[in-house]
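Please read the structure below before turning to the comments.
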Number of protein chains: 4
Amino acid sequence: MPKKINKEEKKANILEASIKVFAKKGVAKTKISDIAEAADIGKGTIYEYFRSKDEIFVASFHFFLEKVDSVISRRLNRISDPLEKLLAYSSAWAEICEGNNLEYATIVLDFWAESIRNNREAIALNLVKVYDENRKIVKSLLEDCITKDKTSSVDTKIAASILIGSLEGLFIQWILDRSAFDYKEAAKISTKIIIDGLKKGD
Amino acid sequence: MPKKINKEEKKANILEASIKVFAKKGVAKTKISDIAEAADIGKGTIYEYFRSKDEIFVASFHFFLEKVDSVISRRLNRISDPLEKLLAYSSAWAEICEGNNLEYATIVLDFWAESIRNNREAIALNLVKVYDENRKIVKSLLEDCITKDKTSSVDTKIAASILIGSLEGLFIQWILDRSAFDYKEAAKISTKIIIDGLKKGD
Amino acid sequence: MPKKINKEEKKANILEASIKVFAKKGVAKTKISDIAEAADIGKGTIYEYFRSKDEIFVASFHFFLEKVDSVISRRLNRISDPLEKLLAYSSAWAEICEGNNLEYATIVLDFWAESIRNNREAIALNLVKVYDENRKIVKSLLEDCITKDKTSSVDTKIAASILIGSLEGLFIQWILDRSAFDYKEAAKISTKIIIDGLKKGD
Amino acid sequence: MPKKINKEEKKANILEASIKVFAKKGVAKTKISDIAEAADIGKGTIYEYFRSKDEIFVASFHFFLEKVDSVISRRLNRISDPLEKLLAYSSAWAEICEGNNLEYATIVLDFWAESIRNNREAIALNLVKVYDENRKIVKSLLEDCITKDKTSSVDTKIAASILIGSLEGLFIQWILDRSAFDYKEAAKISTKIIIDGLKKGD
DNA sequence: CATGAATGAGATTTCATTCAT
DNA sequence: CATGAATGAAATCTCATTCAT
């Protein structure tokens, strides 16, 4: 009887390792042997689970998105107040990065860049979908935050894009220069400012 | 010194070409021969002007920043009203992109990723400086926009970071999916919302 | 010794499979896993019966020759007329191929090439022996065919080589392009022509 | 001004070298580095002229066929008597082999085997075409050899196939065991027997 | 015994850089 | 100066063989 193995688990192991190496060295400079070493397996073993380096890249991208998604939704599920939810959402990225003690920032930039370049392919669609879903979540949270009797003249879909955009834009600045400001603080302020601005706008 | 000028012109020509190719294929997947072809010169000629691919990368980054900076400051100089200035600043990126018909976003992401990862002094410091300067500009414009009698409790430096962040964050979303919203419109709204939010906040 | 028999059966099973795959993909491009799959056993199991891929190659060659030999001699034993025997011999290859629905030609060419190139005693000697035996059989059949009163000036050993050669040469042409001619028909004609030629020659 | 190079000449050089190595080691066991070494160039240079090892294989196959063709037709052009032409044709292969002091036999077997396996592809069609042309040449030579008043009942197209087949079949036997008979002698005898057989047959 | 997951030696292929022309 | 042919270091990828289960 042969050793029976959980292929999906092993794949996840490899992706876990690849994400770590991608984050540290960058996707372009990561060699298959680096991933193998990080996963503590042989170079050839990688090819038992993935057909090519590119396939690993795409798979690790999806894997990463799913993981981030699940972390964020788990976190949001524990909160009921919409403003609190928004604030929790705002600081999630920073905590994911810090919590994993990993430079996820760079891998995200690599993923973004690659997604944009391969705009029409599966990987980009996935990211587009992720943004769409996030915009919907934030949109509905924003609508809950703004008093019902005072409808803002601003489209909440665009407002959601702006909020998400500000969080990511801040994130980039913060990653480049962590002394520029405190990310969590800035994220919270951004959220509040945008809500305030929406309430006032009319 | 006509020769010197000629040399600088040729270098600029190569950098123009390299930026185009970097944007389209990504820095990592760009071959020296791609750049040579785009610049319409021989592969070996590149090495008359740059010592290595890496030197081209760094130089093209600086070249790119200078170009963007000059476009933006030229544009701002023609405007006096602070709010108008802010709005002009907001939409600058989109126009740079559209005007050049180039996915500048991807090259910026590559630059970001590379500078963060390798902590390259030449690039990273430069990028930090650029953000610092931009924050200062936006900070002072924001202060001009907010009525003097109503001082917001929010630090305008952080507010500037938030505004810049939202513009870049929106930019990324827009590049990924141009049907999600109209970038210029969203940039304008974001600027207004943040100003409104700042005015209200206390 | 039931175990021994079982073992031989399994070996034969693997060789059957390997011959099929060798014929389809070529010896060089055949992977051990291909053979395992064709034999419907595990990859590792192969190594319970053979020490290496090369050993399989040599063994499958012998196995193949034995099989062809037994088919031909069984067929010839049922016939007594020497001309009929020769004609039966002539069409044997085509029937072996068609009966097995296999491109035996390619495996034979691989075997030939490999034995010539590497001067492998195990294979080459065997092949030389096979040809020698066949030439002897055909030689004696030819001698029976030619009327005793008219001895041809041609050495019947060379004549046998020519007959065998023509059958194999036709076989190659036919395998390459089955629409070129009908193999069995051509084999029969070749046999007759050569006998006629021998009878006339003086 | 760059070094100007004749690409086709260089390609021919590489093919010349590859054929030598293929003949010695077999197509399957030949490494790119073997070819590079034989051509006395760098490993990477090969890829300036051919996209892959497989492309080299196909190209060298065509190159080889052309070369053999030109040798044979040059030889035939110098002869006018049809029987002499046939005999010259018969011994051509042996002389090509001996004259080049190369084991062309094995490369031919490799090419045959590969052609048969990839039956529907370009390489096979080429070989099919070569046989077709040769059959036509031999057919017309045969028709010239047989007296006009005595039409043989045998289709000369099949007779041509048989003659070509016998030459190649003898060639294989001779390559396997050069002591079995003298190839040129056997080729000549075969040609005569077949002509005699054709004349008598009806 | 039978298995197939794991392996790494060794093959193919890429491409930044050099350098003769 | 300008060039592109040549190169080989270094990457990707393959697969015969081993071995724990």
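Please tell me the relative contact order of chain C in percent, rounded to the nearest whole number, where contacts are Cα pairs under 8 Å and at least six residues apart.
21
Between C:E95 and D:E37, the simple label model (points 7 Å from Cα in the Cβ direction) yields a spacing of 5.0 nm. Whole-Hz Karplus values for region D:126-131 come out as 4, 5, 4, 4, 4, 5 Hz, taken residue by residue from phi with 6.51 cos²θ - 1.76 cosθ + 1.60 and θ = phi - 60°; glycine and proline positions read x.
Extent of the protein assembly as shown along its three principal axes (Cα atoms, max minus min coordinate, largest first): 136, 79, 41 Å. Within chain C, what is the longest stretch that has no trypsin sites (Lys or Arg not before Pro) placed in a DSSP loop and near at most 13 other beta-carbon atoms within 10 Å? The answer is C:79-147. Each copy carries a label point for B:E9 at 7 Å from Cα toward Cβ; from one copy, the others' points are 3.8, 6.8, 8.8 nm away, ordered from shortest.
A simple spin-label model places pseudo-atoms 7 Å from Cα toward Cβ; at B:D54 and A:S140 they are separated by 5.0 nm. Each Lys or Arg adds one and each Asp or Glu subtracts one; over the other residues with Cβ under 10 Å from the Cβ of C:V138, this totals +3. Computed from label points 7 Å out along Cα-Cβ, the spacing between B:L83 and D:S179 is 10.8 nm. Plainly put, chain D has a radius of gyration that is 1.04 times its Kirkwood radius, both from alpha-carbon atoms, as the Rg/Rh ratio.
If I take R0 = 35 Å and measure r between the Cβ atoms of B:N6 and B:D69 in this structure, what FRET efficiency does the formula 1/(1 + (r/R0)^6) give, to the nearest 0.05? It comes out at approximately 0.90. For region A:23-35, backbone phi angles converted through the Karplus equation (6.51, -1.76, 1.60; θ = phi - 60°) give residue-by-residue couplings of 5, 7, 9, x, 4, 5, 8, 7, 9, 3, 5, 5, 5 Hz, Gly and Pro being listed as x. Shielding of peptide D:23-34 by partners, expressed as the average count of other chain Cβ atoms within 10 Å per residue Cβ, is 2. Summary of the geometry: region B:1-59 and region A:166-182, compared by the centres of their Cα atoms, lie 32 Å apart.
No lab work stands behind these numbers, since they all come straight from the coordinates. Bear in mind that the values here come from a model prediction, so they are computed numbers and not experimental data. Neighbour counts are summed over all protein chains in view; Cβ atoms, including those assigned to glycine, are modelled from backbone coordinates with ideal geometry.
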